[in-house]
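Enquirer: Take this structure first; my questions come after.
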Amino acid sequence: MGTQSVGAMAVVVLVLTGVFAGSASAAASASSELDTSGNSSTISVAATNDYGYQPSPFEQVPTNTTITVTLTDDSDLPHTFTIIGKEGWVVPSSISASDFANLVYGHSPPVLFNLNVSGSGDVQSGSFGSPGPGWYEIVCTTPGHFQSGMYTFIAFGENLPPNLTQNSRVGVGGGSALAVEAAAGGAVVVAIVLGVVVWRRRRRGHPPTPESF
C-alpha cells in the first residue's frame, strides 16, 4: 500500500475517532435539569433501569436556599435519591452492608435529603435547605443498588472536582453506557480500516492473509 493510501486511512481514523470522542464528551457533560427562580430552585431527575440517575451529576446548585427535587421512577424497581450528609467524601465501594445502613439511616451525620419512589411511573417531590459551597454524594439506598452503581454527585455553588467521575466505580448507569459507546466506536473504526485494506488488496488481486495484518 502506498504512502498516500496509508496517510488517507490515518486521516479517516483520526476523524472518526474524534467524532466518537466528541459524542462521549457531550454525553459525559450532561448537566442537571436545574431551574432557578427567586429564592428557590428545582431539580428534575429520573431513576433509570440501568441503576442510574438521569440527568447527572448536578453542579452549581444554588447555596443556602430551598431546593425542590422531583424524582420520577423510570424503572420497574423502587429507588431513593439520598444525599449523604458528609461534604467532600466518597462512600467507599467496599463498604459493608451494615456500615452502609448505618450511614444512610443513622443520624451522624444526618443525610441532607431523601426521597423515595416505589416503582414504574411513580413521581415524588420534596424540598430541603441547601448548604454552603461544597459537594456531596447521592446514593440509592434500596439494597444492592449502590453496589450496582446507583450513585451520583451534587455540588452546591461550585463544580465537582475534575478527578471525581462517574467511572470511578464499575456499573455506574451513565459511566457504563459511555464505556460501551466508546468501545463500540473503536470497533467501528477498526472494522472500517480493515475493510479498506481488504478492498484495496482484492482490487490488486492479492487476497489478504492473517500475516498481512
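Enquirer: Scanning segment 125-144 for residues that are of a type in the set (Ser, Thr, Tyr) and not in a strand (DSSP E or B), which turns out surrounded by the fewest Cβ atoms within 10 Å (Cβ to Cβ)?
Expert: Looking at the filtered set, the residue picked out is Thr142.
Enquirer: Find the residue count for segment 88-114, including only residues that are of a type in the set (S, T, N, Q) and touching a residue at least 24 places away in the same chain (Cβ under 8 Å).
Expert: Residues flagged as of a type in the set (S, T, N, Q) and touching a residue at least 24 places away in the same chain (Cβ under 8 Å) within segment 88-114 amount to 2.
Enquirer: Within segment 152-168, count every residue that is at pLDDT below 95, surrounded by fewer than 21 Cβ atoms within 10 Å (Cβ to Cβ) and in contact with a Gly (Cβ under 9 Å, 6 or more places away or on another chain).
Expert: The total comes to 4.
Enquirer: Out of (1) surrounded by fewer than 16 Cβ atoms within 10 Å (Cβ to Cβ); (2) at pLDDT 95 or above, the odd one out for Gly22 is which?
Expert: (2)
Enquirer: Look through Gly85, Gly144, Gly134 and report the one residue that is free of Cβ contacts under 8 Å to residues at least 24 places away in the same chain and out of contact with any helix residue (DSSP H, G or I) (no Cβ under 6 Å at 6 or more places or on another chain).
Expert: Exactly one of Gly85, Gly144, Gly134 is free of Cβ contacts under 8 Å to residues at least 24 places away in the same chain and out of contact with any helix residue (DSSP H, G or I) (no Cβ under 6 Å at 6 or more places or on another chain), namely Gly144.
Enquirer: Limited to segment 92-102, what total is found for residues that are buried (at least 17 other Cβ atoms within 10 Å of the Cβ) and of a type in the set (Ser, Thr, Tyr)?
Expert: Looking only at that region, the number is 0.
Enquirer: Taking the options Gly85, Gly149, name whichever one is modelled with pLDDT of 95 or more, assigned to a loop (DSSP other than H, G, I, E, B) and surrounded by 12 or more Cβ atoms within 10 Å (Cβ to Cβ).
Expert: Result: Gly85 is the single residue among Gly85, Gly149 that is modelled with pLDDT of 95 or more, assigned to a loop (DSSP other than H, G, I, E, B) and surrounded by 12 or more Cβ atoms within 10 Å (Cβ to Cβ).
Enquirer: Hey, can you tell me all the residues within segment 103-124 that are surrounded by 13 or more Cβ atoms within 10 Å (Cβ to Cβ) and assigned to a strand (DSSP E or B)?
Expert: Passing the criteria: Phe113, Asn114, Leu115, Asn116, Val117, Gln124.
Enquirer: Evaluate the following for Gly52: is it touching a Leu at 6+ places or on another chain (Cβ under 6 Å) and either crowded, with 17+ Cβ neighbours inside 10 Å or modelled with pLDDT of 95 or more (or both)?
Expert: no
Enquirer: Here are Thr80, Thr70: which of them is touching a Ser or Thr at 6+ places or on another chain (Cβ under 6 Å), surrounded by fewer than 17 Cβ atoms within 10 Å (Cβ to Cβ) and part of a strand (DSSP E or B)?
Expert: Working: Thr80 fails: surrounded by fewer than 17 Cβ atoms within 10 Å (Cβ to Cβ).
Selected residue: Thr70, the only one of Thr80, Thr70 that is touching a Ser or Thr at 6+ places or on another chain (Cβ under 6 Å), surrounded by fewer than 17 Cβ atoms within 10 Å (Cβ to Cβ) and part of a strand (DSSP E or B).
Enquirer: Within segment 55-67, restricting attention to residues that are over 14 Å from Phe113 (Cβ atoms) and within 18 Å of the chain's Cα centre (by Cα), which residue is surrounded by the fewest Cβ atoms within 10 Å (Cβ to Cβ)? First the steps, then the outcome.
Expert: In the first step, residues of segment 55-67 are kept if they are over 14 Å from Phe113 (Cβ atoms); the result is 55-57, 59-60, 62-64.
Right, trim to within 18 Å of the chain's Cα centre (by Cα) and you get 55-57, 59-60.
Numbers: Pro55: 17, Ser56: 23, Pro57: 23, Glu59: 18, Gln60: 15.
The qualifying residue surrounded by the fewest Cβ atoms within 10 Å (Cβ to Cβ) is Gln60.
The values are calculated or read from the model by the stated rules, or taken from the named source; none is laboratory data. Just so you know, these numbers come straight off a predicted model, no measurement behind them. Glycine also receives a Cβ, built like all others from the backbone with ideal geometry; neighbour counts cover every protein chain displayed.
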